[in-house]
1. Which ones in segment 179-235 are hydroxyl-bearing (Ser, Thr, Tyr) and part of a loop (DSSP other than H, G, I, E, B)?
2. What pairs come out if I take residues in segment 272-284 that are closer than 15 Å to residue 302 by Cβ and outside the structural domain of residue 95 (by TED's automatic domain parsing) and pair them with residues that are surrounded by fewer than 24 Cβ atoms within 10 Å (Cβ to Cβ) and basic (Lys, Arg) whose C-beta lies under 6 Å away, six or more apart or interchain?
3. Looking at segment 134-157, which of the residues that are hydrophobic (A, V, I, L, M, F, W, C) and surrounded by 18 or more Cβ atoms within 10 Å (Cβ to Cβ) is nearest to residue 345 (Cα to Cα)?
4. Specify which of the listed residues (156, 210, 188) is touching an Asp or Glu at 6+ places or on another chain (Cβ under 8 Å) and either under 20 Å from residue 138 (Cβ atoms) or outside the structural domain of residue 135 (by TED's automatic domain parsing) (or both).
5. Could we say that residue 87 is at pLDDT 95 or above, within 30 Å of residue 267 (Cβ to Cβ) and either in contact with an Asp or Glu (Cβ under 9 Å, 6 or more places away or on another chain) or exposed (fewer than 11 other Cβ atoms within 10 Å of the Cβ) (or both) here?
6. Inside segment 79-156, counting only strands (runs of 3 or more DSSP E) that do not spill past its ends, which hold 2 or more residues that are under 25 Å from the mean Cα position of the chain (by Cα)?
Amino acid sequence: MNKMVKRLLFTLILIVIVFSGCSNKTNYSRKPVTNIQITPSNKVVTLGNDFSISFHTKLKEGKLKQIDLFIDNQLITTTQELDFSTNLNSKNFLPGNHSIRTVATKTDGISAVSYSSIVILSDIVPQNLNYTIQNTFSHNTSYFTEGLEFYNGSLFEGTGEYGTSIIVSYNPKNGKIVSSLKIDNQYFGEGITILNGKMYQLTYKTKVGFVYNVNTFEKEGEFSFASAEGWGLTNDGENLIMSDGTSKISFINPSDFKIVKSIEVCDNKGILNYINELEYVNGSIYANILGRNTILKIDALTGKVQSYIDMEGLLSLINSSSVDVLNGIAYNQSENTFYVTGKYWPKMFSVRFE
């Protein structure tokens, strides 16, 4: 191959590369650009109040086919206008954070996506509930409590930490153990709950849960979950209810372990994170918050915080220097009381909320 041919081939390759790059740049520059505006400007609104979404779309060339507006992946409206505004009432949404997305598409098929968000606060001011101690029991100080639940007269407790995680059922009044099971050392045990004769357990960061026969503690299966971490677990008689350390609480079908719905824990001031151990009672979810000696009472339908229960007074009854955080709520239906304790706590308290 002579030098002339080589030069010609090299030139052709350069031309292809240049035009290919120009084509990509041109294609990118031809995408529509949408600027989304939210009113109120702080993007926070109280449930029941109106808010507006407006957007202006710029086209460098071509014609607009349509713009689709989505909130939480639900199509709200479609427009052919470059400048568009719509008013919405927040009562049509649950409290919490909501994603806003526009997809602008031109007649040549080129499209672009723009994002924003809005936070909807609860429309109720939570009550402050008091409690009275009905009884005090000893609690095993080696238990790093992650889950607590009554079933058939026994108290079931799931504990955490790698290498020492167990599930145990016992009589809380005398500490007599009925059954126990040590979890494999690779797993950090988390929340437990019992539904239809099966006991379910989450693990911390391995995104796997276990299913046991509640009477024999024999493992019958495993399941996976989408959240990065598993924290608290309870049930409403139909679905498993799970927390993952965020503000989200998920309702999970125990047959296929798919998420049925999710709520976000929110009061009239903001979204509450670090939701931990859970207990469902009569349409409400009682929840610990990691690092706070407070129990939340949450509406299981909406995620609205109904009440705060300050449990700080319990710390004066134990040696707080040798214990970890408040964690563990179990409702004893026969007594109409709640049993509460914490990680490594030497005591468990039977309390009644008033």
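1. Passing the criteria: 187, 204, 206, 216, 227.
2. Note: pairs meeting the criteria are 284/297.
3. Looking at the filtered set, the residue picked out is 144.
4. The unique qualifying residue is 156.
5. Considered against the rule, which asks whether it is at pLDDT 95 or above, within 30 Å of residue 267 (Cβ to Cβ) and either in contact with an Asp or Glu (Cβ under 9 Å, 6 or more places away or on another chain) or exposed (fewer than 11 other Cβ atoms within 10 Å of the Cβ) (or both), residue 87 comes out as yes.
6. Numbers: elements: 83-89, 96-106, 111-121, 127-129, 131-138, 145-151.
Counting at least 2 such residues, we get 96-106, 111-121, 127-129, 145-151.
For (1) buried (at least 16 other Cβ atoms within 10 Å of the Cβ); (2) not hydrophobic (A, V, I, L, M, F, W, C), each residue gets a yes or a no:
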position: 168; (1), (2): yes, no
position: 192; (1), (2): yes, no
position: 200; (1), (2): yes, yes
position: 222; (1), (2): no, yes
position: 231; (1), (2): yes, no
position: 241; (1), (2): yes, no
position: 244; (1), (2): yes, yes
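Residue by residue, here is whether (1) of a type in the set (A, V, I, L, M, F, W, C); (2) outside any strand (DSSP E or B); (3) within 18 Å of residue 133 (Cα to Cα); (4) over 20 Å from the mean Cα position of the chain (by Cα) holds:
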| residue | (1), (2), (3), (4) |
| --- | --- |
| 279 | no, no, no, no |
| 295 | yes, no, yes, no |
| 305 | yes, no, no, no |
| 315 | yes, yes, yes, yes |
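The values are calculated or read from the model by the stated rules, or taken from the named source; none is laboratory data. All values reported here derive from a predicted model rather than from experimental measurement. Here the Cβ is made from the backbone with ideal geometry for all residues, glycine too, and neighbour counts use every protein chain on show.
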